[in-house]
Structures are given as structure tokens and as C-alpha cells.
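First the structure, in the form of C-alpha cells, and then the observations on it.
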Amino acid sequence: MKIQLKEYLVRSERFLASVRDLASIGATAGGGVHRLALSPDDIRARKQMVEWMEEAGLTVSVDDMGNLYGLRPGRNPGPPILFGSHVDTVPFGGRFDGAYGVLAGLEVMRVLHEHGVETEHPLGLAIFTNEEGARFQPAMMGSSVAVGKWPVEEAYAVRDQEGIAFGDALQASGFLGERRNRISRPLCYVELHIEQGPVLEAAGKTIGIVQGIVAQSWHEVVLEGEANHAGTTPPSRRRDPLVAAARWIAYVHEMAESSEGALLVTCGRIAAEPGAVNVIPRKVAFTVDLRSADEVRLRKAEEQMFAWGDDLCRRAGVEKAVRRLHWAPYTPFASGIRELIRESCLRRGYTFLEMPSGAGHDAQHLAGVCETGMIFVPSREGKSHCEEEFSADGDLVKGAQVLLDTVLGLDRTR
């Protein structure tokens, strides 16, 4: 029997209350949330989610990365239709990043539970560990290990700034589960998320139908020159790596500006040694984050940057060492899931926009093993990863409704 989407509606007051309640765990004075992965507040949030999932009739399991799964059986056995996100945050982050998608997924399960809906396929709500990568690097650790992209032993060995190994923190948290509980090959995966950018708000649209996640390239560049006295060394005798770094950073930003938005560049970290006011630096290290929805353009930008950098270093008399920190190809999302999201918007009368995601998400790892899609809702002024992060209640509810519609659509068409 074909399910009519209008028969099942999210309960907005219950859903928004859950958003507020989870945001109170790790709440900051500035209205945000500070809930680093496997910190005491992250553990409290996880325990709260387990309690809510069990109340919604879900069977909760935990895998060897601490990924949580709330499972609901279907008429037919097999892999579940999976949806979810994460509940860890960046330092002094927002209330919605990650947690919104998890709580909307919980609301989907609550609606189906209270209506006694029996789906064809099993359904699963996923809460992935350490998506942000703020405490343990890299980001999206839980999902990358779950789908087999990264060995769990390497993840366990990663240490935070205090020297605590991820494996030890996971053991101490009480959320170390078993490898056999991994959902490594779901039937399909859908992730609902705040946009974290200004595009939807500027366009006056309610829902973002995500086409894919942009290609990303991160490098650390280390330039070494010669430390010397700031007052007695003439310009002709200087080998100043900080001046070279400044020119490099200016150049890559000029590349981005000339691309008219097709290339994004961020140099988010820089450090000079010895770091004294009156000493020409000996060494400077900085990072370059390049992103583009056009993977060919991104690779050409890398080549252009390093060719220019080689010439710069020769002229400046400094040595260069480059280390790649991260590479992710462009990740397209399934056209069939995008069509289901579009159908929901049309039926509900929600305005929508097809768009790429400039940020990484767990969905990019799941896309390598199953049909995957993402749904966005607007972020006020495009702010995210900060205490000012905000999305309107009405948009949050509409996004949750689209997720419910999409999950039911997947169940009847897969």
C-alpha cells in the first residue's frame, strides 16, 4: 500500500523541546554549546540520546568506534535505511550543528512509533563519534572507520592536545562497543543538517537539496630561513620566512578572488619561530585549505600555488617543505534521493534550492558505500561553529518533515 506523505507529521513542540533540552548539555554563557567528543558533556548527551531512543522503541547498539545506532525493525530483514549525524561540537560552537539532524531523526522514529507504522525495511538512527575533529583529528572519524575507510587501530592511537589517546578516552566513556555492531553497508543514508552558510537565507529558500560535497585539499607549508637581529640585518642579507609566508598567503587569496567564487581559500593557522618581537623568524608554518565543487579546478589551483611558491622561495632564499593534511574528492549525492527530497518540498509547499555543500559531513563517507543524500535548512547570516549559530524554529520543523517524508519515500521505493 502506498503511504501518503500527509498522513505522518512531525510534532513540532516535542521536537523543538528536544532541541532545547540537548542544547542545555554543555551550554555556554554565550548561548552556544561546548561539547567536545568523549568529554563529560558529550557522554551526558549520548546517555540522554540512548534514553530517548529506547523510549521511542528503538534497539540501541554501539560499535567499536562508539558510534550509536537506534534500530527499528521492518517487515523484511536486511540492511537499514540509515539517517542521523553527530552530537559532538567544536569549542564554543552552536546548538544545531549535528545535533539537529540527530534529533530530527529521533522525531522520525517517534512519529512512526506512536502511529504504529510498520515499514518494509529496517530503519536506523546513527550518531557518529567525533565528527568535528575538534578534540581528535581528523574529522568524521567514527563514520570513516565504520565504513572501512580507516583502520580502527590508527583511530585509537590518535591523541588530543593533552596526550590522551582516542582509544583510552573511548574506553573510559563507557561507549566502547563491538566491531560486529558497525552498520558498514546500510541500504541508503540521509543526513539533515543546518546549511552553515548564507546561501539559503540570501535566496529566500527553506530547503537545500544538496547536490554533493565539494572537493577539499589541506596542506601545511613550512618555510625555513635564517634567524637574525631585527635592528642590524639589512634587507639584502635577510632570509625571512615570515615575509615569504605573507606573500604566499596573499597570493592564494588572490587566486580565490579571481575565481569568482569557484575556489575558496582559507589560511587558518600560522606560527613563527622563535616568535620574538626583535628577531627575524627562523621558521614559519601555515596551513592552506582549498575547496571547490570543480575537482579539476582544485587540482590546477594546487599546481599553480606550488609552482608560484617554488619561485617565491628561490627569490626569498628560504627552504620549503609541504605536508598534505587532507584530501577529499568531490562527493556527488544520489539523484534518486534528491528527487524524493524535491517531491516532499513540492507536496508541502516548501521553497527549495539545489546546491553543493562547502563543509564536510559524515555523508561523504557513507556515499562511498551506499546511496546517500543530504538536506539543508537555512542558517541565519550563515553563521556556524560559533555561539551565534541560529536556525529558525519553523525552518527546523520543515526540515524534519522533509526528512520524515524522504525516509518513508525511500522505504516504499527501495
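A few comments on the model shown:
- Annotation for region 281-341: chymotrypsin sites (Phe, Trp or Tyr not before Pro) lying in DSSP loop with at most 16 further Cβ atoms inside 10 Å of their Cβ do not exist.
- Cα-based Lys pair tally, region 272-414, threshold under 29 Å, eight or more apart or on separate chains: 4
- Our helix-only sum for the chain, with -39,500 (n - 2.57) per DSSP H run of n ≥ 4 divided by its residues, gives a mean residue ellipticity at 222 nm of -11500 deg cm²/dmol.
- With a cut-off of 9 Å between beta carbons, the residues surrounding PHE352 carry a summed charge of +1, where Lys and Arg count +1 and Asp and Glu -1.
- Cα convex hull volume per residue for region 271-391 (Å³): 174 Å³
- Cα extents for region 1-90 along the principal axes, largest to smallest and rounded to whole angstrom: 50, 34, 21.
- Per the Cα gyration tensor, region 123-229 maps to an equivalent ellipsoid with semi-axes of 30, 27, 13 Å, ordered largest to smallest.
- By the combined test of axial Cα extent (at least 18 Å) and Kyte-Doolittle hydropathy (mean at least 0.5), the qualifying DSSP H helices of the chain come to 99-115.
- Inter-part distance, region 303-382 to region 165-190, computed on C-alpha centroids, equals 25 Å.
- Considering all different alpha carbon pairs of region 312-379, the Kirkwood hydrodynamic radius works out to 15.4 Å.
- Total formal charge among the other residues, if their Cβ is under 11 angstrom from that of ARG269, Lys/Arg +1 and Asp/Glu -1: -2
- Kirkwood Rh and Cα Rg combined as Rg over Rh, evaluated for region 163-291: 1.15
- Selected from GLY231, GLY148, GLY373 as most flexible by GNM, with the chain as the system and alpha-carbon contacts under 10 Å: GLY231
- Within region 118-146: backbone nitrogen closer than 20 Å to the ARG180 label point (7 Å, Cα to C-beta): 146
- Here region 56-130 yields Rg over Rh of 1.02, to two decimals, using C-alpha coordinates and the Kirkwood radius.
- ASN228 long-range amide H proximity, modeled H, under 5 Å: ILE280
- The convex hull of the Cα atoms of region 112-175, projected and averaged over all directions, covers 6.1 nm².
- All other residues whose Cβ lies under 14 angstrom from that of ILE207 are scored, Lys and Arg at +1 and Asp and Glu at -1, for a net of -2.
- Just so you know, the averaged projected area of the alpha carbon convex hull for region 30-77 sits at 4.8 nm².
- The Kirkwood hydrodynamic radius of the chain, based on inverse pair distances between different Cα atoms, is 22.7 Å.
- Under the simplified labelling scheme, the LEU346-SER24 pair shows an inter-label distance of 4.3 nm, with each label point 7 Å from Cα along Cα→Cβ.
- Using θ = phi - 60° and Karplus 6.51 cos²θ - 1.76 cosθ + 1.60, couplings along region 366-374 (whole Hz; Gly, Pro as x): 5, 4, x, 10, 7, 4, 9, x, 9
- Region 79-99 and region 222-267 have Cα centres lying 37 Å from one another.
Every read-out reported here was derived from the displayed coordinates using simple, explicitly stated rules and does not represent laboratory data. Just so we're clear, the structure is a prediction, and the values are computed from it rather than from any experiment. Cβ atoms come from the backbone with ideal geometry, glycine included; neighbour counts cover every protein chain shown.
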